[in-house]
Amino acid sequence: MRNRSIGFIFASLLVWAIVTYFLFLDRPIGKEQNKHKLSNQINQLEQQVRQEIANNEELLHDLQETLQQKKQEEVQAAPPLQEINNDPEKSEIQEGERNQNQNENGHYVLQSSSNSNDIALSPLKLQDTAARKTLKDGSPVIAVLVFSCNRITVQRCLDQLIGHRPSAEQFPIIVSLDCDHDQTAEVIRGYGDQVTLIKQPDQSDIEIPPKEKKFKGYFKIARHYGWALNQVFLKFEFDTAIVVEDDLDIAPDFFEYFLGTYPLLVQDQSLWCVSAWNDNGKSGLIDEHGSHLLYRTDFFPGLGWMLTRQLWLELGPKWPKSYWDDWIRQPEQRKDRACIRPELSRTRTFGKIGVSNGLFFDKHLKFIKLNDQFVPFTKMNLTYLLKNNYDSAFEREVYQSTVVDYTELKSGSIVTKGPVRIIYHTRQDYKHTAKMLGLMDDFRSGVQRTGYRGVVTFFYNGRRVHLAPSATWKGYDKTWS
Ligand SMILES: *[C@@H]1O[C@H](CO)[C@@H](O)[C@H](O)[C@H]1NC(C)=O
């Protein structure tokens, strides 16, 4: 029914688009203007279609919940999540289900009975949705989605996740496997019912523009992310998930950090993620005694991050074919929202071989310090991170601090106490100072790594430093790259 109604909407919109197009062709207005108008119309059209899809998704979800409640009234005891996997339709693809169709490249095309189109249509078979939302005491259930492909070192990551998680009921681990790598699948199966294994069924070759052939990995990753997040939020119907990749070490308070910040993410609509990662988290740029310190950032850090189902319903329908992390950082997606990030990273990547090049690992990633102090975040008052509390205090601290230049900071010759500020005016200014201090100097959609309201905050020679634009700053400039 859903497919038919979406089809109908698509068809009507298509007709409208064609009619509009020909109307425009007939008008003797300037060609350029025509083109511009047309592309605006098409953009609007696209927006509307996406909105429709999102609305349908919501409607469907409501219907399912109602039906499910009915069903639950009949069924007394509900089976735990692990039992979902006993249903072959819902779990990984069985060897026997492989379709012996070869595509033109001679690769076998994997076909799963659970094709992504009917994910949302079948959760009636999944019972006890409630158990995937909150525990009996009302605390949240947060799925941990681990992305895995062809690295058996996923074991290192899983060992730590299982070792540190306070409760398997509260933090069910779902390992999503892309690639057809038997060894990796074997390793994951070795964990038995401690984790749930799902397999990305679409192993077909992706059509990639010739110029981007060498970035094929990024296309595969985006496809995998889109599929797996749909599974977690639409099929399993979790409300919240933490995204982890197979090459991450985690800190002992990894779960405590996400549990403690969870209420902020839910309460503050200007937050869209909590990340475990500090892009400038190297020794020498952090306060090593500041394990408890948290910040807001306009830069989406990734690398161990938590999102809600609500956000996925928004992003899922327009999920890109590649480079999803840079896509998500564009203003159209971010919509001025921020993430929480720690002073000391709660993740660190140990993987060298991957899609992004090993050079970046050698030059930067391997120096990120992983936090080793357990901080009881769930027992702390973190309301200072809510936008209404944070912004005014942040601006006060930044713009009342003493102005210095980076040579003074480097030489340690500053006599005043307290935080200091280095001012930058241009993109070049920023990059130069960042380089001199060992900070990341790149931009994504005009935002610096860890930046908040244009300010990059770090710790240097025993003091807090803000690399900040002038107080009259008017917003990020997308052309800064
Ligand atoms: C938490 O801290 C805020 C100040 O940031 C304060 O107004 C509030 O009363 C505190 N809440 C609790 C429960 O202590």
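The values are calculated or read from the model by the stated rules, or taken from the named source; none is laboratory data. Just so we're clear, the structure is a prediction, and the values are computed from it rather than from any experiment. For neighbour counting, all protein chains shown are included, and Cβ atoms are generated from backbone atoms with ideal geometry for every residue, glycine included. Quick note on the areas: whole protein, heavy atoms, side chains included, nothing else; ligands and nucleic acids left out. Shrake-Rupley method; radii C 1.70, N 1.55, O 1.52, S 1.80 Å.
General remarks:
- Positive-end residue of 479, 468, 402, charge dipole of the stretch 391-480 with Cβ unit charges: 479
- Selection of trypsin sites (Lys or Arg not before Pro), the stretch 128-195, meeting DSSP coil and at most 10 other Cβ within 10 Å: 136
- Members of 235/478; 318/369; 321/431; 369/478; 435/478; 213/474 lying beyond 28 Å, as alpha-carbon distances in this model show: 235/478; 318/369; 321/431; 369/478; 213/474
- Accessible surface of the stretch 93-385 [probe 1.4 Å, protein heavy atoms]: carbon and sulfur percent: 51 percent
- Once the 1.4 Å probe is applied to the protein heavy atoms, the stretch 93-385 comes out at 42 Å² accessible per residue.
- The charge dipole of the stretch 306-445, taken about its Cα centre with unit charges on the Cβ of Lys, Arg, Asp and Glu (plus for the first two, minus for the last two), comes to roughly 400 debye.
- A simple rule links phi to the HN-Hα coupling: the Karplus curve 6.51 cos²θ - 1.76 cosθ + 1.60 with θ = phi - 60°, which for the stretch 310-319 gives 4, 5, 5, 4, 7, 7, x, x, 10, 3 Hz, with x for Gly and Pro.
- Estimated dipole of the stretch 391-480 in Debye, rounded to 20 [Cβ of Lys and Arg +1, of Asp and Glu -1, Cα centre]: 120 debye
- Pairwise centroid distance, computed over Cα atoms, of the stretch 155-205 with the stretch 266-325, Å: 22 Å
- For residue 135, solvent-accessible area (1.4 Å; no DNA, RNA or ligand), Å²: 40 Å²
- For the stretch 391-480: rounded, prolate or oblate by the Cα gyration tensor [a/c cutoff 1.5]: oblate
- In loop segments of the stretch 261-331 as defined by DSSP, the chymotrypsin sites (Phe, Trp or Tyr not before Pro) with at most 16 further C-beta atoms inside 10 Å of their C-beta are 323.
- Cleavage-rule hits, trypsin sites (Lys or Arg not before Pro), the stretch 433-481, DSSP coil, Cβ neighbours within 10 Å at most 13: 474, 478
- Charged neighbours of residue 374, selected by a Cβ distance under 9 Å, balance to -3 (K, R count +1; D, E count -1).
- Protein accessible area in the stretch 391-480, 1.4 Å probe - carbon and sulfur %: 52 percent
- Using the Cβ-Cβ distance between residue 321 and residue 39 with R0 set to 25 Å, the FRET efficiency works out to roughly 0.80.
- Between the amide H of residue 282 and those of 369, distances stay under 5 Å, these residues lying 5 or more places away or on another chain, with hydrogens modeled in the peptide plane.
- Between the amide H of residue 460 and those of 465, distances stay under 5 Å, these residues lying 5 or more places away or on another chain, with hydrogens modeled in the peptide plane.
- Global geometry of the stretch 330-464, whether rounded, prolate or oblate, following the gyration tensor of its Cα atoms and the 1.5 cut on a/c: rounded
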